[in-house]
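A.B. asks: My structure is below; once you've seen it, I'll send some questions.
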There are 2 protein chains.
Amino acid sequence: MIIDIHGHYTTEPAAMLQFRDKQLAGLADPGRRPTTSDLGLSDDEIIKSVQPQVKMQQARGSDLTIFSPRAAGMGHHVGTEAVGQEWSRLSNDMIHRVCTLLPDNFAAVGQLPQVPGVSPKNCIPELERIAGLGFVGVNLNPDTSGGHWNDPPLTDRYWYPVYEKLVELKMPAMIHVTGSCNPAVHHTGAHYINADTTAFMQLIQGNLFKDFPELKFVIPHGGGAAPYHWGRYRGLAMMLKKPTLAEHLLKNVFFDTCVYHLPGMSLLTEVVPVDNILFGSEMLGAVRDIDPETGNYFDDTKRYIDQIGRLSDADRYKLLEGNARKVYPRLDAQLAKRGKPGRPA
Amino acid sequence: MIIDIHGHYTTEPAAMLQFRDKQLAGLADPGRRPTTSDLGLSDDEIIKSVQPQVKMQQARGSDLTIFSPRAAGMGHHVGTEAVGQEWSRLSNDMIHRVCTLLPDNFAAVGQLPQVPGVSPKNCIPELERIAGLGFVGVNLNPDTSGGHWNDPPLTDRYWYPVYEKLVELKMPAMIHVTGSCNPAVHHTGAHYINADTTAFMQLIQGNLFKDFPELKFVIPHGGGAAPYHWGRYRGLAMMLKKPTLAEHLLKNVFFDTCVYHLPGMSLLTEVVPVDNILFGSEMLGAVRDIDPETGNYFDDTKRYIDQIGRLSDADRYKLLEGNARKVYPRLDAQLAKRGKPGRPA
C-alpha cells in the first residue's frame, strides 16, 4: 500500500470556516460568538468534502493519506487561549470524523492548542484526548507568533512536557508552522520552508535526542532548504563539534517528499538516506496547478519518485510505506489490526 | 579571469573588533566610547590580514573576490543610528583600504547604515560616498531586526529611495542579512538561508522590476531554498497570476554558487539558467572545514562547478566571469580600464 504522510483538510465544509469567523468576530463583539460547536454536518457532507482528495488518491495511485487540519488555519497567533482550545478541539473532531468515516483513505493527525508565550504543557489534555480517538501523530508549531519567531528553539526544555507525552503515546510530530501574520513572509512560499530549515538547524545545535531517543520528528516540504544545503549542514555540525548528521539526527528526524519538481526530488533522494524519507504530497496544498513543463500536477510527487531509477524496490517500499509504518507506529498497529500488516523487516 | 562575487572580511584585524566593542560599550558607559575612528593600522597590517583569502584564491584558482564587510558584523539591530553610521563608515573604509592596496585581488562592496524602523533613505549619503570610492555594489539587509522580520517586504515603496540611487549608480545589491539576535534562528544555518528564500518569495509576490527594470539583486547562498523548490515557486507564481519566473524575475535576480556539496551545485545549475548564476564561495565564511567525504574544503565551490559536465565552455565563462561583469558593471569598467576587458558578447 502507498501511504501519503502529508495531507491537510483544505476542503473543509463552509460551516467550519463560518464557525471560525464567528469565533474570531466574537473576540470583538461577544454577541457574535457561535452558540454551539456542533456544525450540524451530516456524514454525507463530510464524505463529500474529501472527495477531491479521494479522487486524487485514486488518480495518483496512493492508498492512505495521513490527514491533519489545514495548516494555515491552525492560527496559533490568533485570539485567546480559550479560543485556540475550542478551535483545536473542533478541528481535530472534524479530522476524526473524516478518518472514522473513511478509515481506508485517511489516518488522523491533530493540531495542538499552542499559544504564544504559554507553556506547551497546555496541549497535553488535547494530546491525550486525540490519542484516545486513535490519532497517529500531531503537528507541532515551532513559531506560534506566526512569522516573528518568538518561541524558544525546539531543543529548549520549554518543549519537553510535550515531547514526554509524545514519546509515551508513541506519536511523532510533524514540525509545521501555521499561517504567517508577517507581511514580509509568505506562508507557503517562505514561512513553511523557512520553518523546516530553522527547525533542522535548531536540532543540529542542540542534543535533543540524547534526552529523547524515542522521539520522532518529520520535517515537511522535503526538509526546507536542508537537503539542498546538505554540505553546509554537515559542515556546520562539524564546526559545532557535533557528531555526523546521521548519528546526531537521522535516527529521529525524517523528511517528506513535498518537493514539486524532478530535480529537487532527485537531490533529496540522493543526499538523504532512503530510511529517512517518507512519501508525502501536501495534497491539496500549496500548489494546485498543472506544471506546464510536464503536463502533470506540481504536487503529484509520486511521479517524480517513479522517475528516479536509482531507487531499488526495497527503497521504494520504505519510502512509500515502510518508513511511514515505523515513524507512525500507531498507524502501523491500526493497519495490522485491519488485516493490512507491513512487510516483515 | 575568475571572479568570486561573495567574500567577506572575516579576517579583520583585532583593532577593528576592539573598536566595535568600545563603540557598543559606549552605549552603556559613554566614557568607554572610542576616542578616534583611526584604528592606527599600517598598510602592511591590512595586507597581512587578507593573506588567508589571497592564499585561497591562489590555491583554488580564482583571481578576484568581490569583498564586503563581515555580514554578521553589520549588526543593523545593534545600537543607535549614529553608532550604525559610524560603524558602516569605518567598515567600508576598511574594505576600501583592502581593495586599494590589492586591486587585482579584491573589489569593494559596502554595507549600508540601515536602522530598524528608519527609512532607508538614511543610507543614501553613505551609498554616494562609497560609490565615489569605487565600490561596485552593496549588501542590502531585508531584515534589520536581526531575525524577527519586522521590515516591509523588498517590494514595498519603503525601499524605493535606495533602489533609485542604486540604479543611478549602476550598483547591484546582494540581499544579505546580518547576524541573528533571535535564539531560535542560527545566523549562518538558518537566518541567511531563510532570508534568501524569503526575499525570492517577496519578489514573486510583487512587481518590483516593472518599476525598476535596471535594478539587479544577487540572492546569495545559492538562492536559499529557491532552486531546490523551483517547482513550488513556479507553481506559486502561477497561482499568484504572475508571469513565468524567467519573465517575472530572471532579468533582475541572480544567484551565487555558495552551495557546499556537488548534488546541490548540480541542482542549481540544472534548474536556474546559467545566465543567472554567479560564482561565489563565501570564502572565508560560514563553513571552514574540510569535508571528510571529499577531502576538500566545503566552501571550495569551484571544484563542484568543475565536475558538472553538462556546462559548456561558454556557460563556464558566464558563470565564472561574464555574468559578474554584467551584474557589476562598475567592476567591469574598472577591469577594462586596467587592461582586463571581458570577452566580447
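A.B. asks: If you scan segment A:29-40, which residues turn out to be among the small types (Gly, Ala, Ser) and either closer than 19 Å to A:Gln85 by Cβ or touching a strand residue (DSSP E or B) at 6+ places or on another chain (Cβ under 8 Å) (or both)?
C.D. replies: Applying the first criterion (among the small types (Gly, Ala, Ser)) to segment A:29-40 yields A:31, A:37, A:40.
A:Ser37 - this is the single residue of segment A:29-40 that is among the small types (Gly, Ala, Ser) and either closer than 19 Å to A:Gln85 by Cβ or touching a strand residue (DSSP E or B) at 6+ places or on another chain (Cβ under 8 Å) (or both).
A.B. asks: Now for a separate question. Quick one: how many residues across segment A:297-315 are under 14 Å from A:Ala59 (Cβ atoms) and of a type in the set (Ser, Thr, Tyr)?
C.D. replies: Summing the residues that are under 14 Å from A:Ala59 (Cβ atoms) and of a type in the set (Ser, Thr, Tyr) in segment A:297-315 gives 2.
A.B. asks: Quick one: would you say B:Pro243 is farther than 21 Å from B:Trp159 by Cα and without any contact (Cβ under 8 Å) to a residue 60 or more places away in the chain?
C.D. replies: It is true that B:Pro243 is farther than 21 Å from B:Trp159 by Cα and without any contact (Cβ under 8 Å) to a residue 60 or more places away in the chain.
A.B. asks: State yes or no: is A:Ala108 in contact with a helix residue (DSSP H, G or I) (Cβ under 7 Å, 6 or more places away or on another chain), of a type in the set (A, V, I, L, M, F, W, C) and open to solvent by 30 Å² or more (accessible area, probe 1.4 Å)?
C.D. replies: Here the answer is no, as A:Ala108 does not meet what is asked.
A.B. asks: Could you tell me how many of the residues in segment B:112-163 are over 17 Å from B:Leu208 (Cβ atoms), part of a helix (DSSP H, G or I) and among the aliphatic types (A, V, I, L, M)?
C.D. replies: Residues that pass the stated criteria total 4.
A.B. asks: Quick check on my filter: what residues within segment B:135-146 are aliphatic (A, V, I, L, M) and open to solvent by 10 Å² or more (accessible area, probe 1.4 Å)?
C.D. replies: Across segment B:135-146, there are no qualifying residues.
A.B. asks: Can you tell me which residue among B:Met74, B:Met94 is under 25 Å from B:Asp332 (Cα atoms) and either modelled with pLDDT of 95 or more or not aromatic (Phe, Trp, Tyr) (or both)?
C.D. replies: B:Met94
A.B. asks: Kindly indicate whether B:Lys326 is away from chain A (no Cβ under 14 Å), touching a residue at least 40 places away in the same chain (Cβ under 8 Å), in a helix (DSSP H, G or I) and open to solvent by 50 Å² or more (accessible area, probe 1.4 Å).
C.D. replies: no
A.B. asks: Which one is nearest to B:Tyr158 (Cα to Cα) among residues in segment B:187-199 that are facing chain A (nearest Cβ under 8 Å) and buried (at least 24 other Cβ atoms within 10 Å of the Cβ)?
C.D. replies: Going through the qualifying residues, I end up with B:Thr198.
A.B. asks: Checking the conditions here, which among A:Val78, A:Val83, A:Val98 is closer than 18 Å to A:His187 by Cβ and among the β-branched types (Val, Ile, Thr)? Walk me through how you get there before you give the answer.
C.D. replies: Working: A:Val83 fails: closer than 18 Å to A:His187 by Cβ; A:Val98 fails: closer than 18 Å to A:His187 by Cβ.
Matching residue, one of A:Val78, A:Val83, A:Val98: A:Val78.
A.B. asks: A further question follows. Can you report the number of residues in segment A:1-45 which are in contact (Cβ under 8 Å) with a residue 60 or more places away in the chain and surrounded by fewer than 17 Cβ atoms within 10 Å (Cβ to Cβ)?
C.D. replies: Going through segment A:1-45 one residue at a time, the tally reaches 2.
A.B. asks: Right, next: Can you pull out every residue in segment B:111-134 that is buried (at least 24 other Cβ atoms within 10 Å of the Cβ) and in contact with a Cys (Cβ under 8 Å, 6 or more places away or on another chain)?
C.D. replies: B:Leu112, B:Pro113, B:Gln114
A.B. asks: For segment A:202-220, how many residues meet the condition of being without any contact (Cβ under 8 Å) to a residue 40 or more places away in the chain and either under 25 Å from B:Gln205 (Cβ atoms) or of a type in the set (Lys, Arg) (or both)?
C.D. replies: Of segment A:202-220, the ones without any contact (Cβ under 8 Å) to a residue 40 or more places away in the chain are A:210, A:213.
Pick out the ones that are also either under 25 Å from B:Gln205 (Cβ atoms) or of a type in the set (Lys, Arg) (or both) and you get A:210.
The qualifying residues number 1.
Condition check ((1) in contact (Cβ under 8 Å) with a residue 40 or more places away in the chain; (2) touching an Asp or Glu at 6+ places or on another chain (Cβ under 8 Å); (3) buried (at least 19 other Cβ atoms within 10 Å of the Cβ)) across all residues:
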site: A:Gln57; (1), (2), (3): yes, yes, yes
site: A:Arg60; (1), (2), (3): yes, yes, no
site: A:Ser68; (1), (2), (3): yes, no, yes
site: A:Met74; (1), (2), (3): yes, no, yes
site: A:Gly79; (1), (2), (3): yes, no, no
site: A:Ala82; (1), (2), (3): no, no, no
site: A:Ser88; (1), (2), (3): no, yes, yes
site: A:Met94; (1), (2), (3): yes, yes, yes
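A.B. asks: Among the candidates A:Ile204, A:Ile219, single out the residue that is closer than 21 Å to B:His261 by Cβ and either within 11 Å of chain B (Cβ to nearest Cβ) or polar (S, T, N, Q) (or both).
C.D. replies: So the residue among A:Ile204, A:Ile219 that is closer than 21 Å to B:His261 by Cβ and either within 11 Å of chain B (Cβ to nearest Cβ) or polar (S, T, N, Q) (or both) is A:Ile204.
A.B. asks: Any idea which residue in segment B:170-186 is farthest from B:His8 (Cα to Cα), counting only those that are within 14 Å of chain A (Cβ to nearest Cβ) and surrounded by fewer than 22 Cβ atoms within 10 Å (Cβ to Cβ)?
C.D. replies: Filtering segment B:170-186 for residues that are within 14 Å of chain A (Cβ to nearest Cβ) and surrounded by fewer than 22 Cβ atoms within 10 Å (Cβ to Cβ), the one farthest from B:His8 (Cα to Cα) comes out as B:Pro183.
The values are calculated or read from the model by the stated rules, or taken from the named source; none is laboratory data. Given the structure is predicted, the values throughout are model-derived calculations rather than measurements. In this analysis, Cβ positions are derived from the backbone assuming ideal geometry, glycine residues included, and neighbour counts consider all displayed protein chains. To get the accessible areas, we keep the full protein, side chains included, count just its heavy atoms, and leave off ligands, DNA and RNA. Shrake-Rupley method; radii C 1.70, N 1.55, O 1.52, S 1.80 Å.
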